[in-house]
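*Asks:* Before we start, here is the structure in question, set down as structure tokens.
Read the figures in this text as sums done on the coordinates, not as results from a lab. Values in this document were obtained by computation on a predicted structure and should not be read as measured data. Methodologically, a virtual Cβ is constructed for each residue, glycine included, from the backbone with ideal geometry; neighbour enumeration extends over all protein chains shown.
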Amino acid sequence: MPGTTQPSLQKPPELDSDASLAGRQKVTTGNGSIPYSKGKKGDALTIAVSCQGKGKITVTVRPVQVSFPLECGADQVSTVSNEFALSGVERSGVVSVEAFSAVRWSLTVGRGAPTEADPPDAG
């Protein structure tokens, strides 16, 4: 094989080092649901998802009722990470993925301080 390294779906996507793990799904084909654990008030919820295979997936987060699509490439891994700092994300819930049968995906759910929070002191 050539010396180029392509991202793969061997492991679910990684979170920022300061985020705590709330849920994880290994490589899956087709639809699936992943429960995630309760967090602390004020925490943001981060959903990182990777997919491969021609088609699109739709990720829905409950109970906060938000969703986002991800277009998946036939020959390459697509990855997106979205953070939600909404009222209610501190509760436990479920992330549901709707995917075509030709699409493989993996997902990681994390919790941590919102990135839009006050920046740390520079001095």
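*Asks:* Read through the labelled values [x] 13.9, 42; [y] 15.2, 52; [z] 14.3, 47 and report the label of the one computed as Rg and Dmax of the Cα atoms in Å from the structure.
*Replies:* It is the value labelled [y].
*Asks:* Just subtract the alpha-carbon distance of Val94 and Lys41 from 0.36 nm times their residue separation and send over the number in nm, one decimal. Numbers along the way, then the final one.
*Replies:* Numbers: separation 53, 0.36 × 53 = 19.08 nm, distance 1.76 nm.
Extra length from Val94 to Lys41 when fully extended: 17.3 nm.
*Asks:* Based only on other Cβ atoms within 10 Å, what is the fewest-to-most ordering of Leu107, Leu45, Leu21?
*Replies:* Lowest count first: Leu21, Leu107, Leu45.
*Asks:* If you take every residue apart from Ala102 with its C-beta less than 15 Å away from the C-beta of Ala102, what net charge results, scoring Lys and Arg +1 and Asp and Glu -1? Intermediate results must be reported in sequence, preceding the final value.
*Replies:* Working: positive: Lys54, Lys56, Arg104; negative: Glu71, Asp75, Glu98.
Taking every other residue near Ala102 into account, the sum is 0.
*Asks:* When Lys and Arg each count +1 and Asp and Glu each count -1, what net charge do the other residues less than 12 Å away from Leu45, Cβ to Cβ, add up to?
*Replies:* On the way: positive: Lys38, Lys40, Arg62, Arg91, Arg111; negative: Asp43, Glu83, Glu90.
For residues surrounding Leu45, the net value is +2.
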